[in-house]
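Beneath this line is the structure, given in structure tokens, with notes to follow.
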Amino acid sequence: MRYALALMTVLAVHAAARADDAAAAFQKRVVPVLQAHCTDCHGGDKPKAKLDLAGPRTLDQLRSQSHQWFSVLERVEAGTMPPKGSDPLTPAEKQALAAWVRGEFSTLLIEQQRLEGRSKFRRLSRTEYANTVQDVFGVRPPVVRLMPSDGRVDGYDKVAAALPFSTASTEASLKVADDMVARMFELPEKRASYRLWARPSEQSKGHLLELPDGSHVSFNTDTTSGPLARGDGPDGKKANGFPGVQKPGMHRLQVSAYGYQTDKPLPVGIYAGHVWAYPQILDLVKIIEIPPGKPAVVEVDVYLRTGRDSDGPSGDGIRLIPLGLGVPVPKNTQASVLGKGPGMALQWVDVEELDETLPGQRLFTADMTPAVRTAFAKNATLKTAMVPRDELQAVAEKSFARIGARLFRRDLTDAELSGSVKSYLKAVDAGSPLRAAFVSEVTAMMTAPDFLCVVERPGKLTDFALASRLSYFLWNSAPDDDLLDAARKGTLTDPAALRAQTERMLKDPRAERFVKDFLDQWLGLWGIDNTTPDRDLYPEYDDLLKFSSVMETQATFRHMLDKNLSVRDFVAPQWAMVNGRLAKHYGIPGVEGFAVREVRLPAESPFGGIWTHASTMKVTANGTLTSPVKRGVWVAERLLGTPIPPPPANIDPVDPDTRGAKTLREQLALHSGKGSCAACHAKFDPYGFALESFDVMGNFRTAYRTAGTPTAKGQAKWKDGLPVDATGVTPDGRAFAGVKQLREVLAREPAQLARGVTRHLLTYATGQPATPLDQPAIEAIVKGAAGEDYGLRALVHGVVQSETFRSK
């Protein structure tokens, strides 16, 4: 211990010396440059853009303003500071500023990170918390209903600055803990099953077509379709309504249905929620495909909730809705008259609980003797239970050690375990029922910081902390028993063992959380529902395309991860992951059905890679218009890892009619030509111009759509407007004639694509945004993946093996 203290003292003295060097160098070399070129505008009572560069700085001020000094250097090197018309910095002055920022100042910040840690103390995000509770107990808590939404920093909700502590979130975690722990002793230890029959429409008689075989045919993609009820026969006469889910958790559905009046499989959405409300409050939980022509049984597993753990006003009812059909049978019309197209013929749905007991039930009772389990079931006290106190104490010690390790994601210390056991025995000695006292102790663990927060100490992470970081990276949840055992044995410090665990976890179904959540945050797919394309301008857009587009991006990332494909394929693949709806959207022949599969892209296709997916084109548009600025910034920051500073406070947004300009390109040319705007816009506008080839739903276009006036029934309400100009010049001066040529340019720079992806992987994995201080680590990860052609899986392994990941 004394050697460790001596080392810490040496490091502290060394850090103090570095700090003095940084402060002295700032005063000697940087202040004169600022006074000569900057402080006339960025000083005084009202500094321009609220950026004050005047006067000396204390060490604390320099540290707290770290982002400011990197930003100043970036703007100086980009030529946007000082503005046009001012005297530029001389090469020697630029060198003095750059040498201080990247030299003494960076060294100061790195020393500070070593002492305090790079990642900040934070609580679990709402999603991480829900996943953790579900994995430990088997029940997903109603976090949407109980907890406030998390914030986002640079798109990420895993960052400390996005996760403030609040009274509301604290009260919600207390409520979840109280309910969750008690329920583990209340839920039945058996499986239930029941059959739901298709029933007539609640909307109006004849709105669904009733067939002689007992099927009810739904022709609409809306919530009037697919009603179900529990009963003893297909006539539904003995039906008393769906009783709701009896036990939360995974359920197996067997759906007897078929596509009516079609020779193609029909995609069907399984929705769960408050089916008895109007309007109904439903969540899409799964999409299946039913065969055409004759009844068949399709099996699928879904998670269903009771009223206690639902985010809605009730437990989950079930409704099946055919997708992509529109509404050919409007309200109060007859399906027998208007149902001429394809429909969903539904007979019945069998529902079966998959587990007799939930993981939390098994966790709580794993170390209980038969006598203790009987006493808990009877809610007995120590006086009435037929259990010796020594036996109860032994059970408590084993149980709290096992449960504590799962909740705290590490073994309890001797003091923690002893404290819990003593507290428990004190309660039961005082007459508290054995079960109630047990529930109280576990509830206390669930509300402790070690459960609710990411707890790490400065320096290299312990094996348990490393296990947690790895599991919240790849599973968005707590470590499982295998990972905890590896941490307990101390093997995670071995690079080979760490790699083996990473491989195991990537192959686990829980890794789908990483794929979905990372893409939501990296690419902004969390906003897929934020806009709806204008129905008059884009009548082709439907929910089936929306669902399919997100599936495509997730399947693309998963395919690249599984096959360790080069990051080139993010922009220039020769393949795509599509289904029939996407193939129609992209103009790819010969693809039918809802299942997403790999197909070869036609050589002339303008599509290819996540940057032209329908999903990413939608989230970078507003439903009516596209913005080359927004899309250009998205490419620069998300794909290439080039941070784009926000515009100065005194710069107005683009005026829709800037000095008579007619096209958006003309508007941007006038706008970006003002002052220092041009140098910054040159970093991203070209990418956005290329992506103007795609409209708000991600369809390829050569002209902008504008509102038209139909002259006949059924005629489109839009017409072609001005032509799209997708030409441009990259920031390094390479001209391109459209998206296909730009794709070739970007594909020739896989290292830059790898830097961009790695930057975001590092942010997501560590819960701390990447900064210029992380650039050496990013470069090392990218260099390490070069031998595997910058494969995506190689980059993930590089992040996990990096010192940045393995340290606080």
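Do you know which residues across region 402-416 are open to solvent by less than 40 Å² (accessible area, probe 1.4 Å) and among the hydrophobic types (A, V, I, L, M, F, W, C)?
ILE403, ALA405, LEU407, PHE408, LEU412
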Q: Could you tell me which residue of region 425-463 is surrounded by the most Cβ atoms within 10 Å (Cβ to Cβ), considering only residues that are closer than 23 Å to ALA130 by Cβ and β-branched (Val, Ile, Thr)?
A: VAL454
(Q) For region 553-600, which positions are open to solvent by less than 20 Å² (accessible area, probe 1.4 Å), in contact with a Phe, Trp or Tyr (Cβ under 6 Å, 6 or more places away or on another chain) and not polar (S, T, N, Q)? (A) VAL567, VAL571
Q. Across region 77-110, what is the total count of residues that are assigned to a helix (DSSP H, G or I) and of a type in the set (S, T, N, Q)?
A. 3
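A quick yes/no check of all residues on (1) under 23 Å from ARG581 (Cα atoms); (2) at pLDDT below 95:
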| position | (1), (2) |
| --- | --- |
| TYR271 | yes, no |
| VAL275 | no, yes |
| GLU289 | yes, no |
| ASP301 | no, no |
| LEU304 | no, no |
| ASP309 | no, yes |
| GLY317 | no, yes |
| PRO322 | yes, no |
| GLY341 | yes, no |
Q) Which condition number in (1) of a type outside the set (Val, Ile, Thr); (2) closer than 29 Å to ASP154 by Cβ; (3) touching a helix residue (DSSP H, G or I) at 6+ places or on another chain (Cβ under 6 Å) is the one that GLY490 fails? A) (2)
Q | Positions within region 137-149 being over 14 Å from GLU171 (Cα atoms) and buried (at least 21 other Cβ atoms within 10 Å of the Cβ), in sequence order | A | PHE137, GLY138, VAL139
Q: Look at region 296-336 and say how many of its residues are of a type in the set (D, E, K, R), surrounded by fewer than 16 Cβ atoms within 10 Å (Cβ to Cβ) and touching an Asp or Glu at 6+ places or on another chain (Cβ under 7 Å).
A: 1
(Q) Cβ-Cβ distance below 6 Å, separation of 6 or more or different chains: which pairs start in region 519-534 with a residue that is closer than 13 Å to MET617 by Cα and touching a residue at least 12 places away in the same chain (Cβ under 8 Å) and end on one that is assigned to a loop (DSSP other than H, G, I, E, B) and open to solvent by 50 Å² or more (accessible area, probe 1.4 Å)? (A) THR531/ASN622
(Q) Given the options GLU116, GLU128, name the one that is within 30 Å of LEU461 (Cα to Cα), among the charged types (D, E, K, R) and touching a Pro at 6+ places or on another chain (Cβ under 7 Å). (A) GLU116
Q | Failed criterion for SER432 (all others in (1) more than 30 Å from ARG389 (Cβ to Cβ); (2) free of Cβ contacts under 8 Å to residues at least 60 places away in the same chain; (3) polar (S, T, N, Q); (4) in a loop (DSSP other than H, G, I, E, B) hold) | A | (1)
Q.
Looking only at residues that are under 27 Å from ARG63 (Cβ atoms) and among the acidic types (Asp, Glu) in region 87-136, which one is most open to solvent (accessible area, probe 1.4 Å)?
A. GLU116
Q | Residue list for region 279-295, restricted to those being of a type in the set (A, V, I, L, M) and open to solvent by 30 Å² or more (accessible area, probe 1.4 Å) | A | ILE281, LEU282, LEU284, VAL285, ILE287
Q | In region 676-718, the residues that are buried (at least 16 other Cβ atoms within 10 Å of the Cβ), in a loop (DSSP other than H, G, I, E, B) and in contact with an Asp or Glu (Cβ under 9 Å, 6 or more places away or on another chain) | A | PHE684, VAL696, MET697, ASN699, ARG701
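Consider region 601-612. How many of its residues are open to solvent by 10 Å² or more (accessible area, probe 1.4 Å) and either closer than 18 Å to TYR687 by Cα or touching a strand residue (DSSP E or B) at 6+ places or on another chain (Cβ under 9 Å) (or both)?
Matching residues across region 601-612 total 4.
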Q: Kindly list the number of the only condition in (1) among the hydrophobic types (A, V, I, L, M, F, W, C); (2) touching a residue at least 12 places away in the same chain (Cβ under 8 Å); (3) open to solvent by 60 Å² or more (accessible area, probe 1.4 Å); (4) closer than 28 Å to LEU484 by Cβ that fails for MET386.
A: (4)
**Q.** Residues of region 33-76 that turn out to be surrounded by fewer than 15 Cβ atoms within 10 Å (Cβ to Cβ), without any contact (Cβ under 8 Å) to a residue 24 or more places away in the chain, assigned to a helix (DSSP H, G or I) and of a type outside the set (S, T, N, Q), as a count
**A.** 1
Q. Out of all the residues in region 406-429, which are part of a helix (DSSP H, G or I), farther than 16 Å from GLN361 by Cα and touching a residue at least 24 places away in the same chain (Cβ under 8 Å)?
A. PHE408, SER420, VAL421, TYR424, LEU425, VAL428, ASP429
Q: Kindly indicate the residue of region 337-349 that is over 27 Å from ARG195 (Cα atoms) and not hydrophobic (A, V, I, L, M, F, W, C) and also most open to solvent (accessible area, probe 1.4 Å) among those meeting that condition.
A: LYS340
Q.
modelled with pLDDT under 95, in contact with a Lys or Arg (Cβ under 8 Å, 6 or more places away or on another chain) and not basic (Lys, Arg): is that true of ALA385 in this structure?
A. yes
Q. Scanning region 507-533 for residues that are part of a loop (DSSP other than H, G, I, E, B) and within 15 Å of VAL153 (Cα to Cα), which turns out most open to solvent (accessible area, probe 1.4 Å)?
A. GLY524
Q) Before we move on, is PRO646 surrounded by fewer than 17 Cβ atoms within 10 Å (Cβ to Cβ), free of Cβ contacts under 8 Å to residues at least 12 places away in the same chain and part of a loop (DSSP other than H, G, I, E, B)? A) yes
Q.
Take the conditions more than 38 Å from the chain's Cα centre (by Cα) and modelled with pLDDT of 95 or more and apply them to LEU208. Does it pass?
A. yes
**Q.** Tabulated pairs, region 103-123, first on the phi > 0 side of the Ramachandran plot, second charged (D, E, K, R), C-beta under 7 angstrom, 6+ apart or interchain
**A.** GLY117/GLU456; GLY117/LYS808
Q) Quick one: what pairs do we get from region 247-263, first residue open to solvent by 10 Å² or more (accessible area, probe 1.4 Å), second aliphatic (A, V, I, L, M) and not in a strand (DSSP E or B), C-beta under 9 Å, 6+ apart or different chains? A) MET250/LEU354; ARG252/LEU354; TYR260/LEU211
Q. Is it true that ASP411 is among the acidic types (Asp, Glu), within 41 Å of the chain's Cα centre (by Cα) and farther than 28 Å from LEU461 by Cβ?
A. no
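Restricting to region 150-174, and then to whatever is β-branched (Val, Ile, Thr) and within 28 Å of VAL439 (Cα to Cα), can you tell me which residue is least open to solvent (accessible area, probe 1.4 Å)?
THR170
The values are calculated or read from the model by the stated rules, or taken from the named source; none is laboratory data. Note that the coordinates shown come from a computational prediction; the quantities given were computed from them, not determined experimentally. Neighbour counts run over all protein chains shown; Cβ positions are idealised from the backbone, glycine included. The accessibility values were calculated without ligands, DNA or RNA, using every heavy atom of the protein model including side chains. Shrake-Rupley method; radii C 1.70, N 1.55, O 1.52, S 1.80 Å.
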